[in-house]
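Just dropping this structure here.
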Number of protein chains: 2
Amino acid sequence: MIIVTIIKIEITMNSSIKRKNSIRRERILELLRSNHAHPTADWVYDQLKKEFPGLSLGTVYRNLKILEEEGKLQNIHGGSTFDRYDGDLSPHHHIICERCGCVMDLNAAVDDSLFRKAENETGFQLRPSQITLYGLCPKCLNKK
Amino acid sequence: MIIVTIIKIEITMNSSIKRKNSIRRERILELLRSNHAHPTADWVYDQLKKEFPGLSLGTVYRNLKILEEEGKLQNIHGGSTFDRYDGDLSPHHHIICERCGCVMDLNAAVDDSLFRKAENETGFQLRPSQITLYGLCPKCLNKK
DNA sequence: TTGTCTGCAAAACATTTGCACCTAT
DNA sequence: ATAGGTGCAAATGTTTTGCAGACAA
């Protein structure tokens, strides 16, 4: 007789860390919710330094990361830490993986009125007909 | 008699540097034109190291910057060196200045079919209904 | 008590820069 | 001869991490 025992180990990906109350973290979130200037970590640090004189920049970064993981705020930049270059100057869009930083081209027609509207509304001079989308690439989705 | 002499000094903004031939720069451009994987500076360095054993990473960066200034290639990332955070999770778009890194919100309807098409074509899982545009903000345009 | 949070300083990381020498024009 | 170009190493600026002590559950 053969007995086969399969032990199924479930690994919870949504890191099952039990977060404690952290006043600093709370305040960081409040600060970001009440400010639409898309602050940097350093700006947050400067603000909260007044409130918590001993505050450390490391704490700000750690908490921003936690809040991002919890989905309570978003990091606007792509995730990749290094610049990527493109020798193809024809109009095309980019789609960037927030985890591994890989970039794919995307050929799709986007109504030009969007760009005109954006330029009129914001006063920006835009890269012509080029949008960037962020997300997770197939490889990183599988690893998840 | 009063003689007034006005000397008009024209400052050419398109930096009037006379570029010399540089084999390294030529090869960097060729490499980027023939490769659609959106390489990083480091990747370029590794490739050309075979060809120019004494090559320095600084040279790669310097030439990438020059080629970008000359409009012969584009840097896909935003330009800002620091991350920016957003506590507003409602669907809205971002428009980022490549020079100073400032971020503005953009409220505009973008046809959802774009996102569906992008996901189908690339296999990415996208940030919902969010696009990013790059360009120069009004302040930086004035400084130019 | 346990696991999380924090400050501090050092490390990591991509990118830039100063300097002395080399090279194209 | 002169203005760029290059290699090297050091510096820069942002973000991460190791550690020991503090704190919340």
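Hey, does region B:42-50 have a residue that's away from DNA strand C (no atom under 13 Å from the Cβ), away from chain A (no Cβ under 14 Å), in a helix (DSSP H, G or I) and at pLDDT 95 or above?
Looking only at region B:42-50, we keep the residues that are away from DNA strand C (no atom under 13 Å from the Cβ), and these are B:47-50.
With away from chain A (no Cβ under 14 Å) added as a condition, the list becomes B:49-50.
Right, trim to in a helix (DSSP H, G or I) and you get B:49-50.
If we keep only those that are at pLDDT 95 or above too, we end up with B:49-50.
Within region B:42-50, one or more residues are away from DNA strand C (no atom under 13 Å from the Cβ), away from chain A (no Cβ under 14 Å), in a helix (DSSP H, G or I) and at pLDDT 95 or above.
In region B:16-31, what residues are within 14 Å of another protein chain (Cβ to nearest Cβ) and either touching a residue at least 60 places away in the same chain (Cβ under 8 Å) or more than 14 Å from DNA strand C (Cβ to nearest atom) (or both)?
B:29, B:30, B:31
Run residue B:130 past the list (1) more than 12 Å from DNA strand C (Cβ to nearest atom); (2) in a loop (DSSP other than H, G, I, E, B); (3) polar (S, T, N, Q) and report the number of the one that doesn't hold.
Residue B:130 satisfies all of (1) more than 12 Å from DNA strand C (Cβ to nearest atom); (2) in a loop (DSSP other than H, G, I, E, B); (3) polar (S, T, N, Q) except (2).
Right, another one. Collect the residues in region B:50-92 that are among the basic types (Lys, Arg) and within 9 Å of DNA strand D (Cβ to nearest atom), keeping them in residue-number order.
B:62, B:84
For region B:61-85, how many residues are in contact with a Lys or Arg (Cβ under 8 Å, 6 or more places away or on another chain) and within 13 Å of DNA strand C (Cβ to nearest atom)?
Selection size over region B:61-85: 7.
Right, another one. Condition first: among the polar types (S, T, N, Q) and either at positive phi or touching a residue at least 60 places away in the same chain (Cβ under 8 Å) (or both). Now tell me which residues in region A:124-144 satisfy that.
The first filter runs over region A:124-144 and keeps only residues among the polar types (S, T, N, Q), leaving A:125, A:129-130, A:132, A:142.
Residue satisfying the conditions is A:129 alone.
Among the residues of region B:53-64, are any part of a helix (DSSP H, G or I) and at the interface with chain A (Cβ under 8 Å from one of its Cβ atoms)?
yes
The values are calculated or read from the model by the stated rules, or taken from the named source; none is laboratory data. Treat the numbers as computed from the prediction; the structure is a model and nothing was measured. When we count neighbours, we look across all protein chains shown, and the Cβ atoms used for this are built from the backbone with ideal geometry, even at glycine.
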